[in-house]
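Since the structure comes first, as structure tokens, the remarks are kept for the end.
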Amino acid sequence: MAGETTPPGILLTTMDKGVNWARTRSMWPAAFGLACCAIEMMATGGSHNDISRFGMEVFRASPRQADLMIVAGRVSQKMAPVLRQVYDQMAEPKWVISMGACASTGGMFNNYALVQGVDQIVPVDMYVPGCPPGPQSLLHGILSLQEEIMAGTIRR
Amino acid sequence: MSDTPDLVTGDRETPIIEPPVSVTEVDEGASRREVHDMWVAGTEEPEWVRTATDEGAQEMLPEGDDPAAAIQRGIAVDDDFVDSDDTDADQRQIINMGPQHPSTHGVLRLHLELEGETIRRVKPIIGYLHTGMEKTAETLSYMQGATNVTRMDYLSPFHNELAYSLAVEQLLRVEIPARAQAIRILMTELNRVASHLLWVATQGMDVGAVSMMLFGWQDRELCLEFFEKVTGLRMNHNYIRPGGVAADLPDGWEDDVESLLVKLPAGIDRHEAILNKNPIFLDRTRGVGVITPEECRQYGVSGPIARGSGIAHDLRKAFPYSGIEQYEFDVPVGKHGDVLDRYFVRMEEMRQSLRIVHQVLNTMPAGDYRTEDRKVTPPPRKRIDESMEALIHHFKLFTEGFRVPAGEAYQGVESPRGHLGVYIVSQGGARPWRLHVRAPSFAAVQAMPVMMTDSLVADLVATLASADPVLGDVDR
């Protein structure tokens with residue numbers, strides 16, 4: 001990046017790259033566990049898989065302080081308005097990962113009680129398959145989302 | 001409420017059955033909500049609102065909505081909640097905790113009526129994870145059913161599968177080989193350890209010992225690695241099925257279990273070394289969240305909570321299942337019924353479970369891992385290429401499933417949270433006509449007001465963690 005003309009110790013980059021780098025390297029998830037997937041989400045945060053390697057160990061209880069909502073588990077009709085409210089309370093820019101089969105499509109529960117896919121309520125950036133997805137799958141989803149963000153622009 | 005459309009019965013013209021006696025006279029609250037929600041049977045309780053299903057869901061009252069109707073739907077707090085006869089009523093404030101709250105262990109919502117920092121009234125509101133699993137079970141064949149029930153109490157999937165499989169086998173009247181029974185005990189007892197390890201992690205974290213979170217998960221991962229090796233999945237295994245288990249134990253399982261039997265006790269000792277003499281932990285738990293044995297019986301509370309109060313009841317001793325009576329173990333019992341006693345009970349339960357695992361390891365019988373009855377379990381892969389009959393059995397099993405004689409069966413097992421029961425009614429088809437689950441966490445949540453009233457908000461978090469409810473188990 002440093003060109004011929006810049007003095008030593010100076011790095012030049014684009015605004016997009018700089019901001020996106022900051023965004024991806026400290027993306028704080030909202031603690032939004034619902035069901036089985038929440039246990040695997042917590043396992044991802046545990047010592048064995050250690051999500052803090054990616055600057056994401058700070059699970060925030062308040063949606064105001066969170067950048068990423070990991071919808072971990074089945075979303076019931078009763079939970080849907082709550083989920084939307086939590087999403088609305090999050091500050092821009094914000095991203096959503098739909099973790100697991102139930103959150104993505106309703107999974108094996110095609111019945112009166114469940115929302116058949118959380119993308120009916122909030123926009124989803126990344127779907128993680130599995131029932132439940134293991135910590136490795138979730139990490140893969142998170143890293144893919146980070147790649148997406150790095151490739152994008154901060155203008156909206 | 002009778003004119004509200006009913007989600008369970010749909011448009012069926014079923015009259016609401018009024019039982020002669022209210023069940024709440026017998027069972028203090030463990031049933032009243034569930035009876036109405038799931039069975040549409042009436043109770044005489046004034047607080048007769050739909051809670052598990054989504055009618056109570058509309059959080060935001062539309063403009064001009066009638067508050068009385070809102071109360072009926074369970075949105076607002078009922079009248080006496082606010083207008084208490086107490087002279088300090090105007091000093092009280094109502095706050096809402098959950099359903100999205102880090103300490104509610106899932107999507108539990110608590111209405112709290114506070115006087116300063118003291119809780120004067122608690123009202124648990126459930127149903128945010130209602131998945132309709134009991135209804136879904138009616139559309140799945142008996143063989144698929146284990147996939148469904150394993151997702152209820154997702155911290156003890158093996159226990160769900162075991163209760164379900166035992167109930168189906170009761171109806172089928174099939175004999176399960178000794179090896180399959182021993183494998184079932186091995187997996188369920190290791191599952192108890194994994195579940196309690198997660199509990200000690202969250203209990204520690206909720207009273208401020210965040211390092212417990214890391215240690216607890218670390219040891220739980222050891223169990224999960226073994227589960228993954230045996231079943232292919234870390235959770236929701238679908239391993240214990242009607243007729244036996246899905247696959248035999250893998251080669252070298254003895255070494256894995258032996259290594260677990262070395263590492264897990266060391267982990268439990270380490271947890272106790274951190275917590276047992278920690279003055280903060282002791283202060284936060286001793287005398288907190290007390291429930292008496294009488295109250296436990298009233299609310300149908302079982303498992304470590306009841307044992308922490310001094311009720312020496314364990315289904316493994318009272319109604320042994322799957323051959324557990326041949327193993328030696330003790331049932332730890334507490335005295336004070338507080339959070340600390342529940343902690344001691346669970347820590348000792350882990351040791352006792354490992355004691356059972358040790359005996360299973362030494363006495364694992366040889367033989368088949370599932371019943372030879374080809375009407376119930378599929379033939380080995382090799383036989384399908386050789387035998388027309390095996391091919392037909394295989395085809396029939398995976399298209400129609402097996403038929404179960406008409407009748408009803410109830411089977412309880414001791415899950416890490418208490419008495420988990422599965423009740424199946426069969427009308428002779430390949431699918432259950434009705435499946436109901438008696439969930440231990442449900443009773444625990446119903447008893448929360450008893451444990452929490454007149455305590456501090458901070459103690460509520462400790463009490464909640466010690467009850468160890470799994471909301472998937474509560475709501476299903």
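Derivation of every value follows stated rules applied to the coordinates shown; laboratory data play no part. Being a predicted model, the structure only gives us computed values, none of them experimental. Positions of Cβ are backbone-derived with ideal geometry, glycine not excepted, and every protein chain shown enters the neighbour counts.
Structural remarks
- Number of partner chain Cβ atoms within 10 Å, mean per residue of B:234-246: 2
- Simple spin-label estimate for B:GLU175 and B:ASP454 in nanometres, 7 Å along Cα-Cβ: 5.8
- Taking a point 7 Å from the Cα of A:ASN110 along the Cα-to-Cβ direction, the residues of region B:134-165 with backbone N closer than 19 Å to it are B:134-149.
- Computed from point charges on the beta carbon alone (+1 for Lys and Arg, -1 for Asp and Glu), the dipole magnitude for region A:28-151 about its Cα centre is near 380 Debye.
- Using alpha-carbon coordinates, inclination of helix A:36-45 to the longest axis of chain A, degrees: 30
- Fluctuation leader among A:MET15, A:MET42, A:MET99 - chain A, Gaussian network, Cα springs under 10 angstrom: A:MET15
- Whether region B:239-318 is rounded, prolate or oblate, judged on the alpha carbon gyration tensor where a/c under 1.5 counts as rounded: oblate
- Under-5 Å amide H pairs with B:ARG241, H placed in peptide plane, nonlocal only: B:ALA246
- Percent of Cα pairs in region B:138-230 per distance bin of 10 Å, from zero to the largest separation: 16, 38, 28, 14, 4, 0.
- Net length gained if the chain between A:TRP28 and A:SER47 were fully extended (0.36 nm per residue, minus Cα distance): 5.1 nm
- Here B:LYS382 is the anchor, and the lysines within straight C-alpha reach of less than 30 Å, apart from those fewer than 8 places off in the same chain, are B:LYS229, B:LYS396.
- FRET efficiency for B:LYS396 and B:ASP368, using Cβ-Cβ distance with R0 set to 30 Å, rounded to 0.05: 0.90
- Region B:386-412-region A:76-142 distance, computed between alpha-carbon centres (Å): 36
- Unit charges at the beta carbon, dipole of region A:28-151: most positive-side option, A:MET108, A:GLY46, A:HIS140: A:MET108
- Sum of side-chain charges, B:GLY418 neighbourhood, beta-carbon under 11 Å (Lys, Arg +1; Asp, Glu -1): -2
- Stretched out straight at 0.36 nm per residue, the stretch from A:ALA61 to A:THR5 would grow longer than its current Cα-Cα span by 15.4 nm.
- Stretchable slack from B:SER211 to B:LYS263, in nm (0.36 nm times residue separation minus alpha-carbon distance): 16.9 nm
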